[in-house]
2 protein chains.
Amino acid sequence: MRTDTTFKRAFNDMIDIIRTLDLGEELPSENALRAQLGVSRTTVRKVLAGMSARGIIISEAHRRIIGEQPLQAERYPKEETLAISEQVETSFMEWMLRDNACPGTEINEAELARKFGVATTIVREFLNRFQKYGLIEKRQNAGWIFKGFTANFALELFEIREMFEMRSARLFATLPDSSPVWKQVRAIRAAHLELLADIDARFQDFSELDSRFHRLIAAVSPNRFIEGFQDVIAMVFHYHYQWNKRDERTRNEIAIREHLALIDALESRNIALIDRACRSHLTSARETLLRSIV
Amino acid sequence: MRTDTTFKRAFNDMIDIIRTLDLGEELPSENALRAQLGVSRTTVRKVLAGMSARGIIISEAHRRIIGEQPLQAERYPKEETLAISEQVETSFMEWMLRDNACPGTEINEAELARKFGVATTIVREFLNRFQKYGLIEKRQNAGWIFKGFTANFALELFEIREMFEMRSARLFATLPDSSPVWKQVRAIRAAHLELLADIDARFQDFSELDSRFHRLIAAVSPNRFIEGFQDVIAMVFHYHYQWNKRDERTRNEIAIREHLALIDALESRNIALIDRACRSHLTSARETLLRSIV
DNA sequence: CATATGTTTCTTATGTATAAAAAACGGGGG
DNA sequence: CCCCCGTTTTTTATACATAAGAAACATATG
């Protein structure tokens, strides 16, 4: 009943490990592989068995050696490596953004389960987790309602975001030169400059960099509630921008320049400068989001 | 399989409704009762059937009249009116606060389900919802870990709480005299004074008033994320103080006086005053919580 | 024709089952 | 005694089943 996505993901990862080894070379121990693959030994053994069956690995007494290099074609497709609960997220987002975007829509667990082809349990569990994003609401003994990806949602989101982000950004002014954070700041500036240099081809990579940047800022003084909120922000930007492609290149270029200005401000340790750069970036991000909603 | 807690709760509520009616009087329609009881007509009919069977209601052709007044003893016990998913919350809190309070404890779905005598599905669902409180964390393909009711938890909680509450309190200074909020403020001040007058006997009622007060402040400018965070705060205070009774009376009396000071400040519309009263209350609340943790 | 009740259909809450994955156990061999 | 591997036990992820509850439909009655 449970899907074997963990096995398939591990199998694919194992192919990459084997490619770093030579024909006839002995494999690391099951325990070592377990650590490398980040799964249990049970799964490692299943992967090894699968590879033996395909002749990639030859098991001799007390040792295993590489029989032949695996082909890329033997990899399992990406979809099969995602747990059902993860696939449901994508299905739901598509349903939400494409089909029934209007606020007030009732969400029917059973219907969604049928539509997505999964068990109701999974949909229920997903909706429970998804609730934290503030887009759906539960009614006692009845279904859920979709509150809508509305301007109000964006405004409430950004009100919190501004509080959290200004708080974190200001803290940078008090960090000693010796803090390891500065190295990360320099690294992320480099990543921004690189992306900017090749913006025409790689503008779609910005979404991930954006999330990384804001998480770095938040991380100066860890707070589990702020970290949890970063998930909300990441979700919104990930899916909303995936759906709305208008002006994507320009939007992203502007955001990169704002990030760079904020990085400069952070390094200056000047509170006024930090405040200004941070607020200006958030204002512009908010306006962009609002414009794409209406 | 599903429990009939909705029916039992409605049954109990129905007893209260009948007590306001006279013997021989005709009952409201099913639809009217549905609205009053806040359940579906299906459940109303089940309640009516149950009461008919006990002779409380007599069904004549096309009408129902009160046959005899129900006895309080006929009420279903409180526990049976709580959905399993609600009972699990209590069980879990007790388990957490009494038995295994130490940080890092692994939480085992199957074991909890056995201990609480419920299906694993329920425990899973509960843990998913409970995650938002920041006290547990999930590990992929494995169980959950309890992060502990620690000083750090309290500090992170109050950092956010301070941001949110100061923001809301300050907004009061900008409210026009005509705002309906002021009436609610006066009402809640009265409630505080009443409780204070009878503090020796009723100090335990403070927990609920506290939650009501802070939700009122937050409500001036609704924000779904702030409202969601109020749940976290309410949970912490509800359960933690239920567990730790030390100095409860004194603590609550102090808090009431701080609330009253904050109410005065709000009504003064003086930002500096509001800031001071709000911060001073939050600081004292934080210290109290911290003291009770260590 | 509107409102009340009787009937049918659909959905949610909760229990049970089971394959996949993790963890624990146990016997060698270095 | 520690690591490696074979085996067994436990736990999680997911499917499915069903009674309780909600909603929709139908009929009757004033």
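Assorted remarks:
- For the stretch A:240-291, the set of residues classified as small (Gly, Ala, Ser) and either surrounded by fewer than 17 Cβ atoms within 10 Å (Cβ to Cβ) or not in a helix (DSSP H, G or I) (or both) consists of A:ALA261, A:SER268, A:ALA272, A:SER280, A:SER284, listed by residue number.
- Any chance B:VAL44 is within 14 Å of chain A (Cβ to nearest Cβ), open to solvent by less than 80 Å² (accessible area, probe 1.4 Å) and within 11 Å of DNA strand C (Cβ to nearest atom): yes
- Among residues that are buried (at least 19 other Cβ atoms within 10 Å of the Cβ), more than 22 Å from A:LEU209 (Cβ to Cβ) and either within 16 Å of DNA strand D (Cβ to nearest atom) or outside the structural domain of A:ASP275 (by TED's automatic domain parsing) (or both), A:GLY143 is not included.
- Of all residues in the stretch A:54-74, those that are of a type outside the set (Ser, Thr, Tyr) and in a strand (DSSP E or B) total 7.
- A:ARG64 being in contact with a strand residue (DSSP E or B) (Cβ under 6 Å, 6 or more places away or on another chain), more than 10 Å from DNA strand C (Cβ to nearest atom) and either within 14 Å of chain B (Cβ to nearest Cβ) or open to solvent by 40 Å² or more (accessible area, probe 1.4 Å) (or both): yes
- Any hit, the stretch A:21-29, residues being surrounded by 12 or more Cβ atoms within 10 Å (Cβ to Cβ), closer than 27 Å to B:ALA142 by Cβ, near DNA strand C (Cβ under 10 Å from one of its atoms) and at pLDDT 90 or above: no
- Residue check: A:ILE122 meets all listed conditions (1) of a type in the set (Val, Ile, Thr); (2) open to solvent by 20 Å² or more (accessible area, probe 1.4 Å); (3) assigned by TED's automatic domain parsing to the domain that holds A:ALA218 but one, namely (3).
- Cβ-Cβ under 9 Å pairs, at least 6 apart or on other chains, the stretch B:212-227 side more than 18 Å from B:ALA255 (Cα to Cα) and at the interface with chain A (Cβ under 9 Å from one of its Cβ atoms), far side open to solvent by 40 Å² or more (accessible area, probe 1.4 Å) and among the polar types (S, T, N, Q): B:ARG224/A:ASN152
- Checking A:VAL123, A:VAL88, A:VAL118 one by one, the residue that is over 30 Å from A:ASP275 (Cβ atoms), within 16 Å of DNA strand C (Cβ to nearest atom) and assigned to a loop (DSSP other than H, G, I, E, B) is A:VAL118 and no other.
- Residue count, the stretch A:1-59 (criterion: more than 9 Å from DNA strand D (Cβ to nearest atom), without any contact (Cβ under 8 Å) to a residue 60 or more places away in the chain and among the polar types (S, T, N, Q)): 5
- When A:ARG54, A:ARG41 are checked against the criterion of being closer than 20 Å to A:LYS8 by Cβ, modelled with pLDDT under 95 and basic (Lys, Arg), A:ARG54 stands alone in meeting it.
- Of all residues in the stretch A:114-126, those satisfying the criterion of being more than 10 Å from chain B (Cβ to nearest Cβ) and either within 24 Å of the chain's Cα centre (by Cα) or not aliphatic (A, V, I, L, M) (or both) are A:ARG114, A:LYS115, A:PHE116, A:GLY117, A:VAL118, A:THR120, A:ILE122, A:VAL123.
- Residue match in the stretch B:47-54 (condition: within 14 Å of chain A (Cβ to nearest Cβ), over 30 Å from B:ALA119 (Cα atoms) and within 33 Å of the chain's Cα centre (by Cα)): no
- Contact annotation: residue pairs with Cβ atoms under 9 Å, 6 or more positions apart or on different chains, pairing a residue in the stretch B:78-97 that is closer than 15 Å to B:PHE7 by Cβ and open to solvent by 50 Å² or more (accessible area, probe 1.4 Å) with a partner that is modelled with pLDDT of 95 or more and basic (Lys, Arg), are B:GLU80/B:LYS8; B:GLU80/B:ARG9; B:LEU82/B:ARG9.
Every residue, every condition in (1) in contact with a Phe, Trp or Tyr (Cβ under 7 Å, 6 or more places away or on another chain); (2) aromatic (Phe, Trp, Tyr); (3) open to solvent by less than 40 Å² (accessible area, probe 1.4 Å); (4) within 15 Å of DNA strand C (Cβ to nearest atom), yes or no:
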residue: A:LEU48; (1), (2), (3), (4): no, no, yes, yes
residue: A:GLY55; (1), (2), (3), (4): no, no, yes, no
residue: A:CYS102; (1), (2), (3), (4): no, no, no, no
residue: A:GLU106; (1), (2), (3), (4): no, no, no, yes
residue: A:ALA113; (1), (2), (3), (4): no, no, yes, yes
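- B:LEU175 under 27 Å from B:HIS238 (Cα atoms) and of a type in the set (A, V, I, L, M): no
The values are calculated or read from the model by the stated rules, or taken from the named source; none is laboratory data. All values reported here derive from a predicted model rather than from experimental measurement. Counting neighbours? That spans all protein chains shown, and the Cβs are built from the backbone with ideal geometry, glycine included. Accessible surface is based on the protein model in full, side chains and every heavy atom, while ligands, DNA and RNA are left aside. Shrake-Rupley method; radii C 1.70, N 1.55, O 1.52, S 1.80 Å.
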